[in-house]
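Notes follow once the structure below has been shown.
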Amino acid sequence: MTGNSRWANTEEDAVLEAKLKKEKEEKKRLKAEKAAKAEQERQHAAAEAVRQRESQVLQQQEEEESDRPSVKRRRLTPEREGDGADDTENVKLLRFEATGWVPSRSVEKYDKLNDIEEGAYGWVARAKEIKTGKVVALKRLKLDHDESMRTGLPETGLREIQILKDCSHKNIVKLQEVVVGEDTSRIENIFLVLEFVEHDLKSILEDMPEPFLASEVKSLLLQLASGVTYLHEHWILHRDLKTSNLLLNNRGRLKIADFGMARYVGDPAPKLTQLVVTLWYRAPELLLGTKTYGAPIDMWSVGCIFAEVLTREPLLPGKNEVDALTKIFELCGIPTDESWPGFRRLPNARTLRLPSKNAPASTGSAIRARFPLLTAAGSALLSGLLSLNPDARPTAREMLQHAYFLQDPKPKHEAMFPTFPSKAGQERRRRHDTPNAPGRGQAAALGAVDFSGIFTGRDKEERGGGFSLRMV
Ligand code: ADP
C-alpha cells in the first residue's frame, strides 16, 4: 500500500486507528457541548441577576409610590390601612450590593471645622480627616419625620447613599465613605463623607455683583448637562435640580449634589410620586398631576437653572402650585392639543379653564423678549428646555450637542473660571429662601388645590388682561 510505513498497517491496526479516532472525536464533541452548556448557563445566570435586580427596583418603586396619598410627604414604604399599629411589617429594605462586609468607620476620625448648613432639614459641616488632614463635607442623614414615625428608617437617606455609591462622574459630588457616631442605633448618627466643594451656585448668584459672562454660562451649563447625561443614562432621575444643589469648586468645576430625592427608574417608567422637585423648578406635567414621568422633569429644571444663571434671579418663583402654573403659562404660552397632545387628560388639567382667545404667544417669542441678550441659538435651547410638552424637551445628551455651545463666545475652560470667596470654607451660610422639595418639609399642597379658577375671563379682566389665579 502506498504511503504505509515499513511497519505496514494491518487491517486490525486500521480498525483500531479508526476506533481511536472516533473516540477522540466523540471526546472533542462532548467537550464542546459541555463548554456551550456552561456558557449558556453563565449567560442565563447573568440575565437572571439583571432581571432580578430590575424587578426588585421596579417592584420596590411601584409598591412604594403608586397609591401614595397626594397631600402627604413622600413615603417610601407601602401605606397600611387601619390602625397603623405595626408598620414595620411592611418595611422593605433597600438592597446594597454586597462587596464584603466592612464595618463603618467612626465619625470620630474627623474633626469638625465649621458648620456649612444647619437648618430644620439637615446639617452639613466642613471637617478634616484627622489622619490625613484632608478636608471633607460631613452630611448627617436626615430622619424624615413621617417615615421614621412609621418605620424608623431614613429611607430617603439610604437611597441617597445607594445612588451616590453607584455614581462616578466628574460633575457629580463624590461620596467618600459613610461613617457612624457612637450611638449607632440612632439614625441621626449616620454621616455621609463627601468631597468638599467650596461653593454652591445659589450663593454665588446671590452675591456676585456682575452676572456670569456668556462663556461662563456655557461652561456651567455644559457641565450640568454632562452630569445629567450620566445620571439619565444610568437610569437615575435627580428630581431636585436647583441652583442650591449645584456645587462649584475653586477650579471652576460644577458638581451635582443632594441626591435625597433621586431614584432609579425602569423602562417603561413606573408610577412615581409627583410630589417631587422644589416648586420653582417643578415641570408643568408634575404640577398637572401626571402619574408617569421621566427624564424630561429634570430637563425642565435645567431650563429654570439656565435662566437663573443668566439673570441671577429664579425664573418661576411660584407662591403655590397654581401660581407656579400661572407663571409657567405666562412665559411658555397656553398648551394646546397640538403643542402638547394629551395634556387635557392629566388629573389637574381636567379642572383647568384656559382662555381660548388672546392666548399668549408661543414659548419662543416670550422667552426671546425676556432674555434679549441671549443669542438665537441660546434662546432656542432655553425654549426647548422649557417646552410644556415633556417630549419636546431635548435630552441631556442632545443638549450637549446644541449649536449654542459651538458658537462664539466658546464655553470658558474650567481652569480659567473666576474664583469666589468661599462661604462654606469660613462661615455658616445663611439659609436660602428657596423653597424645598416637597419631601423636605414644604407642605405639598397638590390635591388640596383647585385649578378650576385659573384663567377665567373675569379674573383676566380684573388683572388688566394678564393672567390670574384663584385658590379655592
Ligand atoms: P439637604 O438635603 O439638607 O438640602 P444638601 O445636600 O443640599 O442637603 O446640602 C445642603 C447644603 O450644604 C448645600 O446647599 C451646600 O451649600 C452644602 N453642601 C452640601 N454638600 C456639600 C459638599 N460636598 N461640599 C460643600 N458644601 C456642601
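The values are calculated or read from the model by the stated rules, or taken from the named source; none is laboratory data. All figures in this text were calculated on a predicted structure; none of them were measured in a lab. When we count neighbours, we look across all protein chains shown, and the Cβ atoms used for this are built from the backbone with ideal geometry, even at glycine.
Pairing residues of the stretch 96-117 that are assigned by TED's automatic domain parsing to the domain that holds residue 134 and within 24 Å of residue 166 (Cα to Cα) with residues that are within 16 Å of the ligand (Cβ to nearest atom) and modelled with pLDDT under 90, at Cβ distances under 7 Å and at least 6 apart in sequence or on separate chains, gives no pairs at all.
Figure legend. Inter-residue proximity from the stretch 159-170: first residues small (Gly, Ala, Ser), second residues away from the ligand (no atom under 14 Å from the Cβ), beta-carbon distance below 9 Å, spacing 6+ or different chains. Indicated pairs: 168/230. Checked across the stretch 187-205, the condition of being away from the ligand (no atom under 14 Å from the Cβ), farther than 23 Å from residue 396 by Cβ and either more than 10 Å from the chain's Cα centre (by Cα) or of a type in the set (Val, Ile, Thr) (or both) holds for at least one residue. Of all residues in the stretch 391-420, those satisfying the criterion of being under 30 Å from residue 293 (Cα atoms) and either among the hydrophobic types (A, V, I, L, M, F, W, C) or touching a strand residue (DSSP E or B) at 6+ places or on another chain (Cβ under 8 Å) (or both) are 392, 396, 399, 400, 403, 405. Kindly establish whether residue 220 is under 12 Å from the mean Cα position of the chain (by Cα), outside any strand (DSSP E or B), among the aliphatic types (A, V, I, L, M) and not assigned by TED's automatic domain parsing to the domain that holds residue 129. No; evaluated as a whole, the condition is false for this residue.
Only one of 233, 177 is outside the structural domain of residue 250 (by TED's automatic domain parsing) and under 21 Å from the mean Cα position of the chain (by Cα). Can you tell me which? Lay out the reasoning, then the answer.
Details: 233 fails: outside the structural domain of residue 250 (by TED's automatic domain parsing).
Within the list 233, 177, the selection yields 177.
For beta carbons closer than 8 Å, sequence separation of 6+ or different chains, a first residue in the stretch 394-417 that is at pLDDT below 95 and a second that is loosely packed, with under 12 Cβ neighbours inside 10 Å, the qualifying pairs are 414/251; 415/251; 417/251.
Tell me, please, whether a residue that is closer than 26 Å to residue 381 by Cα, without any contact (Cβ under 8 Å) to a residue 60 or more places away in the chain, near the ligand (Cβ under 10 Å from one of its atoms) and surrounded by 16 or more Cβ atoms within 10 Å (Cβ to Cβ) can be found in the stretch 223-230. Among the residues of the stretch 223-230, not one is closer than 26 Å to residue 381 by Cα, without any contact (Cβ under 8 Å) to a residue 60 or more places away in the chain, near the ligand (Cβ under 10 Å from one of its atoms) and surrounded by 16 or more Cβ atoms within 10 Å (Cβ to Cβ), which makes the answer no.
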